[in-house]
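Note sheet for the following structure.
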Amino acid sequence: MTVAGAIINVRGVVQGVGFRYWCLRKAKEYNINGYVANLYDGSVEIIAEGNKGLIEDFLGILRIGPTQGKVTDIRTQWYDKPRGYIDFRIEQRD
């Protein structure tokens, strides 16, 4: 198993449509740790850590998104040294 991490930025209609809660459920299904947060520019940031293959599968489902939203772009930056997240959560940016 290759452990990896990814910083994912999702753009489109992804705020105000339940995207973070949908993402939380999907991350738990894929056994991914990290967080999801709305950003001030209208995009969503996801930190995903776990099995690289499962993160790649997770990215595939992120491209589809929840039925209420519309994903138009995903950018992913991979990193090799996990930061040590032990669960997946929704973070609030104030």
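Only the coordinates and a few stated rules stand behind these numbers; no lab work does. Computed from a predicted structure; not experimentally measured. Because the Cβ atoms are built from the backbone with ideal geometry, glycine has one as well, and the counts that use them run over all protein chains shown.
Quick look at the numbers
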{"quantity": "Residues that are aromatic (Phe, Trp, Tyr) and touching an Asp or Glu at 6+ places or on another chain (Cβ under 7 Å), drawn from region 67-93", "calculated": "Tyr85"}
{"quantity": "Count of residues meeting criterion [surrounded by fewer than 19 Cβ atoms within 10 Å (Cβ to Cβ) and either charged (D, E, K, R) or touching a Cys at 6+ places or on another chain (Cβ under 7 Å) (or both)] in region 30-58", "calculated": "5"}
{"quantity": "Selection count, region 59-94, where residues are surrounded by 10 or more Cβ atoms within 10 Å (Cβ to Cβ) and part of a loop (DSSP other than H, G, I, E, B)", "calculated": "8"}
{"quantity": "Residue ranges of strands (runs of 3 or more DSSP E) in region 1-57 with at least 1 members more than 17 Å from Arg89 (Cα to Cα)", "calculated": "3-13, 44-51"}
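Residue-by-condition table, conditions (1) polar (S, T, N, Q); (2) in contact (Cβ under 8 Å) with a residue 12 or more places away in the chain:
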{"site": "Lys26", "(1), (2)": "no, yes"}
{"site": "Asn31", "(1), (2)": "yes, yes"}
{"site": "Gly34", "(1), (2)": "no, yes"}
{"site": "Leu39", "(1), (2)": "no, yes"}
{"site": "Val44", "(1), (2)": "no, yes"}
{"site": "Ala48", "(1), (2)": "no, yes"}
{"site": "Asp57", "(1), (2)": "no, yes"}
{"site": "Gly60", "(1), (2)": "no, no"}
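Residues are listed down the side, and each one gets a yes or a no for (1) closer than 16 Å to Val13 by Cβ; (2) among the β-branched types (Val, Ile, Thr):
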residue	(1), (2)
Ser43	yes, no
Ile47	no, yes
Asn51	no, no
Arg63	yes, no
Gly69	yes, no
Ile74	yes, yes
Asp87	no, no
